[in-house]
Each structure stands twice: as C-alpha cells, then as structure tokens.
Amino acid sequence: MKKLMIVAAAAALAVTAEARIALTNCTQKVSATCPVVAFKVTANGKTVSDNGEFKKVSTLKVSKGALVLFSESDKADECCYDLYSLYLKVKVEKETYDIAMLAQPLLKWSIFGKNLDDAMSASKTKKFTLDSDLGFEYDDDTYEDDEIGYDVIESLTFTATAFGKAKYAYATKTTKKTDCIPCQTTTSDDVIPGTYKGWFAGYLPKISDDDACMTCECADVDLFGGTWTAKYQAKWSATAQGWQDAASYVFGGAVARAMAIAEVE
C-alpha cells in the first residue's frame, strides 16, 4: 500500500499505511493576532497491522508530537481558542509515519474547580490553581490529492480527552502618566496550562478480512487506542507564529517553512 509522505513544496502532510492511521491536510488559515497555546505530545497505545500472513495487535508510540491551539479572535484582548492542529511522528512496530491534522475544530478546553469563583472575581494581582480539561476529535471523509497522485486516504475517526491543572493569573495595572486624572487602571488575565494526561481511541476501515466476526452485524473497521500526555511549552506559546516552532520540532525546519509559505498551520 502506498504512503502519502510529506511533500514540502505543498506542505501536504498526510499518510495511509498498514498502521491504519490516516489523516488529511487542510488549508484553513487561522488568526495571526492572538498567541497560540502549544504542547509537546507523547503517546502510547495499540493498533492492528498486517504482517503479510495474518492481522495482529501492534504497539503504537508517539515520542515526538505537538498540539497547537489557535484563536479565531481578531482582538488581542479577546482570545478564545476554537481550532487545533496536531503534528505527530507515529511509530507502529518498526515503521514511522508523519501525520498532521491541521486547523480542526477544538471540542473543549475549560478550567473549573473550587477556586473558579474567586479567580473570576479577583480584584488584585493573584494566581489561582484550577482543574482543567482538554478534548478534541477528528472525523475525516475520504480524501484524494490528484496533484500528488497517491492512493486515496480513507477516513479516520478518533476522540482524545485529557485532564490536568492550570494557573489562572489575574493582574491589575495602573497606567503611569502625569497628565491623567485619574490615571487609567487596566486589568488582564491569563490561563497558563500545565501538563495534561488522558486517553485516545478511534477506528479506521479494516486492513483485511483476516478475522472472525463475533457480532451479529460486522463493522468494517479496525480499532486503536491508548494514553497520551501534553506538556505546555511557554516559548512556543509566546506569539501567533509559535506553531512553526512546534511543526519544526516534529517535522523539521524545511517543512515548517513550507507550511508557512503555503499558509497551512
């Protein structure tokens, strides 16, 4: 089965292989105003593969990955995060695949807990530790790139959830001017994520009929799942262009630059 590898000129990051993990490339451009929120990602799990003689359970491992959350807001003081991109090097048995899910809708990112009311009503500089959850999903239709001319990439469905801690920082600032009565007081707040840990699971069209179905109606899918960790990266999250650092970490600088030129993030 052919693999659709990284094509730097078009920044087309996609793959289809015996590992049964497939994805698409997306050309949606996101806001360049708000900073991104970026994480290093690792994962371990199980999937199935075909060794030529029979279908078997195989290990799935991500030792180098990145998750980037994007804001669609056009105002720097109203940054809300509705999109994510996921860059991964996925190893199944001895084979490694480059995978990207670009500018997809973010399912949920929230903070909550016993300190939430105090954090939201703070009137002076203070930091609060809160619980936080993070979740995203992906459900892709069949995709084909005629220009590249590789095989059709078939659909992938998955969901990922994770939980962790976040610090909510609230600050009150007074503008120092001599010609203002009274001088302007401004407030700002910021959520600083920590490390998230959770689970992922999904399915793809099955690789072969080399199995005995035990359900009354047999679905033509194979399953995968496991656990994953996301560790917040402050340097990558400093600007709207921090996604390039995340992409470079996973795929290398040449691909990250090609993605920027092609305006895919």
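If I go through the stretch 154-182 residue by residue, how many of them are modelled with pLDDT under 90, of a type in the set (Val, Ile, Thr) and out of contact with any Ser or Thr (no Cβ under 9 Å at 6 or more places or on another chain)? Even if it seems obvious, please write down each step before you answer.
Step one: list which residues in the stretch 154-182 are modelled with pLDDT under 90, which gives 154-158, 167-182.
Checking the rest, the ones that are also of a type in the set (Val, Ile, Thr) come to 157, 172, 174-175, 178, 181.
Cutting the leftovers down to out of contact with any Ser or Thr (no Cβ under 9 Å at 6 or more places or on another chain) gives us 157, 178, 181.
Total meeting the criteria: 3.
Would you say Lys108 is part of a strand (DSSP E or B) and surrounded by fewer than 20 Cβ atoms within 10 Å (Cβ to Cβ)?
Spelling it out, Lys108 is indeed part of a strand (DSSP E or B) and surrounded by fewer than 20 Cβ atoms within 10 Å (Cβ to Cβ).
Taking the conditions exactly as written (closer than 23 Å to Ala230 by Cα and either at pLDDT 65 or above or under 15 Å from the mean Cα position of the chain (by Cα) (or both)), does Ala103 satisfy them or not? Before the answer, list the steps.
Working: closer than 23 Å to Ala230 by Cα: yes; either at pLDDT 65 or above or under 15 Å from the mean Cα position of the chain (by Cα) (or both): yes.
Answer is yes for this residue.
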In the stretch 248-265, how many residues are at pLDDT below 90, surrounded by 18 or more Cβ atoms within 10 Å (Cβ to Cβ) and among the β-branched types (Val, Ile, Thr)?
2
Scan of the stretch 58-79 for residues that are under 29 Å from Asp190 (Cα atoms), modelled with pLDDT of 85 or more and not hydroxyl-bearing (Ser, Thr, Tyr), ordered by number
Lys64, Gly65, Ala66, Leu67, Val68, Leu69, Phe70
When every residue in the stretch 124-147 that is part of a loop (DSSP other than H, G, I, E, B) and exposed (fewer than 15 other Cβ atoms within 10 Å of the Cβ) is compared, the one modelled with the highest pLDDT is Lys124
So, of the residues in the stretch 31-57 that are surrounded by fewer than 21 Cβ atoms within 10 Å (Cβ to Cβ) and in a loop (DSSP other than H, G, I, E, B), which turns out to be modelled with the highest pLDDT?
Pro35
I'd like to know if the stretch 228-247 contains one or more residues that are assigned to a strand (DSSP E or B) and modelled with pLDDT under 85.
no
Just give me the residues in the stretch 194-227 being at pLDDT below 95 and farther than 19 Å from Val48 by Cα, in sequence order.
Gly194, Cys216, Glu217
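The values are calculated or read from the model by the stated rules, or taken from the named source; none is laboratory data. Being a predicted model, the structure only gives us computed values, none of them experimental. Backbone-built Cβ (ideal geometry, glycine too); neighbour counts: all protein chains shown.
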